[in-house]
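What follows is a short report on a single structure.
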Amino acid sequence: MGIQKDTIPASAILKTIMEMQMDSVLIIDTCGNIIMANDIFKDWTGKHIEELPTPLKGILTISINLYPSQQGSKIFTMDGYKYVIHTKYIIAEQVHFGFVVYLLNVTSQDILESKLSQYIERENMLADELNALQKSEAKIKNMVSKSKAMEKILEIVYKIAGFDTNVLILGETGVGKSLVAKTIHQLSRRAKYPLIEISCGSISENLLESELFGYLPGAFTGANKKGKRGLIECAEGSTLFLDEVAELPMHLQVKLLDVIQNRRIKKIGANEFIPVNIRLITATNKDLGKMVDDGAFREDLFYRINVMPIHIPPLRERKEDIPALMDKFIEDLGLKCSHTKILSPDVKKRLLTYDWPGNIRELENVLERAFITSSGTIINKDSLPDYINDNQNIRPKSYEDNIIIKAPMPLKLAREILEKKLFRLTFQQVKSTVEVGQMLGVDQSTASRKIRKYLNTSL
Ligand SMILES: Nc1ncnc2c1ncn2[C@@H]1O[C@H](COP(=O)(O)OP(=O)(O)OP(=O)(O)O)[C@@H](O)[C@H]1O
Ligand SMILES: [Mg+2]
């Protein structure tokens with residue numbers, strides 16, 4: 001036979017329920033005597049709330065006296081812990097017997113909640129960082145860096161991207177100066193704004209000033225009526241990439257120095273300066289140090305822009321990059337033209353031995369032409385230009401490397417021999433006096449006169 005509901009003492013049920021609670025529970029009569037308390041409350045053993053520690057006594061007194069309704073909650077702090085106190089009136093047949101008081105320590109919940117929000121915040125941050133990293137990795141993947149030299153450059157790029165240091169990128173034409181500048185910007189905090197770039201050698205002096213600094217309405221005749229924002233102003237918060245910085249005229253060198261030193265610009269026609277926040281990257285294929293010596297470039301500006309120089313070596317000095325570059329360009333072309341082609345081993349060999357005076361841009365162009373002109377799936381040597389097949393590195397920009405001096409000799413004789421060799425070699429290559437003139441930078445009548453002279457003489 002089961003036990004009848006009424007036969008279990010109510011006090012035993014009450015005690016059991018109270019002990020099952022995870023927080024302090026106590027029962028107080030209307031005079032403030034503690035009638036019952038569970039074990040969790042055992043630290044405060046007073047018989048009357050008056051005997052409890054002061055803050056608890058205070059809060060309990062307030063709780064049981066001030067609630068106009070029959071129940072209420074209050075938050076309070078004691079000994080560095082945070083509690084929520086719930087009070088409920090015990091009423092039976094409209095008689096008020098006392099209170100049930102719940103004392104919940106919410107300190108740990110609070111800590112947990114704040115930890116949780118910290119974790120969520122960190123997780124979001126990590127997700128953002130991972131995203132940015134994946135994006136930058138994709139950008140870096142675009143940049144072939146198999147050689148030690150390029151690996152080192154990439155390392156520097158990674159290191160300096162996050163700082164606002166002025167960077168000067170040096171190197172021959174087509175070595176990847178613009179690509180490095182773009183990569184630094186893309187890896188920097190400034191990447192959320194577009195990179196603003198201008199080539200100082202591509203426009204006239206006057207136009208360059210108004211492009212860079214902008215002007216006020218009516219600043220000069222022919223100016224736009226509304227005025228114009230300069231590129232420096234447009235680069236606010238972002239990066240300004242000044243390509244061919246050696247071509248910057250002297251008076252603009254002074255103005256640029258002021259921008260760097262004082263972080264401000266004055267528009268053409270304006271009296272006031274406006275503050276600017278830009279990161280400056282410059283590039284040149286000229287020997288700026290020599291230009292400083294020759295008085296063609298301001299020394300103070302040179303030191304300001306040259307805080308972090310990055311010298312990209314020519315492709316002929318890092319031939320380990322050529323195979324990976326060939327693969328990349330052929331793959332890119334295949335994707336662009338939806339057609340896969342491969343280079344014959346012979347072509348690969350020829351591309352590896354050629355000196356690439358036009359550097360990566362030249363390699364890219366040669367491969368594009370070979371890809372388009374080759375008819376089959378395999379690109380063979382017929383699709384390469386003659387000067388590569390003949391391995392005659394006579395392209396511009398490799399002038400110095402093409403002249404090898406093994407011993408001193410009289411200058412007059414050296415000039416004469418050089419001229420002879422140059423006209424004969426060029427004519428053999430292009431078979432036209434017009435083209436010889438163009439390639440050697442002389443007019444056609446001079447070219448044909450010299451060719452007539454030298455082709456009949458032995459070298
Ligand atoms: N490391 C590299 N990996 C892959 N492609 C590259 C690399 N370096 C350069 N390129 C590619 O070669 C071409 C020429 O590079 P870029 O324009 O950056 O050269 P540059 O030094 O700025 O030339 P210029 O002196 O004429 O301004 C671009 O198409 C560029 O994407
Ligand atoms: Mg460039």
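The calculated FRET efficiency for residue 296 paired with residue 440, based on their beta-carbon distance and R0 = 22 Å, is about 0.25. Cα centroids of segment 271-308 and segment 429-445: 38 Å apart.
Taken about its Cα centre, segment 5-105 carries a charge dipole of about 180 debye when Lys and Arg each add +1 at the Cβ and Asp and Glu each add -1 at the Cβ. Note on segment 404-455: Cα-only Rg and Dmax are 11.8, 34 Å. Per-residue packing, averaged as other Cβ atoms within 10 Å, sorts the ranges 378-390, 409-421 into the order 378-390, 409-421, beginning with the highest. Bridgeable aspartates and glutamates around residue 47 (alpha carbons under 12 Å apart, same-chain partners fewer than 8 residues away excluded): 29. Compared with the dominant Cα axis of the chain, that is its longest principal axis, helix 444-455 is turned about 70°.
Amide H to amide H, with H built 1.01 Å from N, residue 279 comes under 5 Å of 238, 239, 240, counting only residues 5 or more places away or on other chains. Between the Cα long axis of helix 250-262 and the first principal axis of the chain there is an angle of about 20°, rounded to the nearest 10. Rounded to 0.05, the FRET efficiency of the residue 319 and residue 452 pair, given R0 = 25 Å and the Cβ-Cβ distance, is 0.05. Taking the Cα of residue 429, stepping 7 Å toward and past its beta carbon, and measuring to each backbone N in segment 344-375: which are under 12 Å? It comes to 355-358, nothing else. Each Lys and Arg Cβ is given +1 and each Asp and Glu Cβ -1; about its Cα centre, segment 404-455 then shows a dipole of about 240 debye.
Spin-label pair residue 327-residue 419: with each label point 7 Å from Cα along the Cα-Cβ axis, the two points sit 5.0 nm from one another.
Note on segment 237-316: lysine pairs with Cα distance below 24 Å, sequence gap of 8 or more or different chains, count 4.
Helix 321-337 and the long axis of the chain differ in direction by around 80°, with both axes built from C-alpha atoms.
Read-outs throughout are calculated quantities, based only on the coordinates presented, and are distinct from any laboratory measurement. The model shown is predicted, which means the values in this text are computed figures rather than measured ones. All Cβ positions, glycine included, derive from the backbone under ideal geometry; neighbour counts span all protein chains shown.
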